[in-house]
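Taken together, the values in this text are just the output of simple stated rules run on the coordinates, not laboratory data. Keep in mind that what you see is a predicted model, and the values were worked out from it rather than measured. For neighbour counting, all protein chains shown are included, and Cβ atoms are generated from backbone atoms with ideal geometry for every residue, glycine included.
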Amino acid sequence: MSDETTAKALHDEGVPEDAMRRLAHLQPGKGGIFTSDLTVNEFLLVREAGFRPLGLVLGSSIYHVGIQLGRWSKNQEMDVLSQAMYHARELAMSRMEAEASALGADGIVGVRLDVEFKEFGADIAEFIAVGTAVKAEEGVDHGDHAHGWRNNKGKPFTSDLSGQDFWTLIRAGYAPLDLVMGSCVYHIAHQRFGQVLGNMGRNVEIPQYTQALYDARELAMSRMQAEAEALHAEGIVGVQLKQHSHTWGGHTTEFFAIGTAVRPLRADHVIDRPTMVLSLDN
């Protein structure tokens, strides 16, 4: 891909010119040095797995999260907010992937996705994706995958696994495909005054709360799973299920599911036996 084509692709994704200049210095043969947020141990293990760090890549999206009205007494998903939270993260992820593609990377390891609501607007948040772009060395076996080390979309793979977990995954005969996620913003119904009085001083389950939280988590998990199925993944590792109230108050909360979809590199997996480590710290 020519420099002009790369610059246009980055511009179309919304990557700023300062980032383009930084990436130009990181490209192989341009005399730049790589940058990475990997720890020393992670860096060495990623190299041991046969991957060379190219540079720190990131994506950002400042997003106005709209409002949605719901019934005070009803459990319900706030689908406008769910879509906003998902779309904003996708924008940040796609810009990070575009930076990695500009470096000729095969993937991105140690991805972090953060959300920070800003003081200059109660409904304005910055969504940030950051990780280290890596490229496989010559001769590192990617199995019979049609896109090499890239995922089924032809984009660099993304993973939130640590450098140690990435090394373990590759050594055992698996490869990351993509960071998959699902979001659900849910309004939890208020209790009626009579219910509050009836529950005072008693150990009792509150079914409407149980059902609301159960439903919301299931929606987030099922959406994450659907993304992995679309990639023809064998499974998802390192799944985290997070809950954030953000700025919506106590009865509206986001459930966010995220994990790394993986595929087998070969049929004969070789799993290293765990090594016991004795800490010398007190």
**Prompt:** Taking neighbour counts of Cβ atoms within 10 Å as a proxy for exposure, in what order, fewest first, do Asp272, Asp215 appear?
**Reply:** Asp272, Asp215
**Net charge contributed by nearby residues that have their C-beta within less than 9 Å of Pro53 (K/R +1, D/E -1)** = +3
**Prompt:** What order do you get for Tyr209, Tyr186 when you list them from fewest to most C-beta neighbours inside 10 Å?
**Reply:** Tyr209, Tyr186
**Request:** Order by neighbour count: Val57, Val239, fewest other Cβ atoms within 10 Å first, most last.
**Result:** Val239, Val57
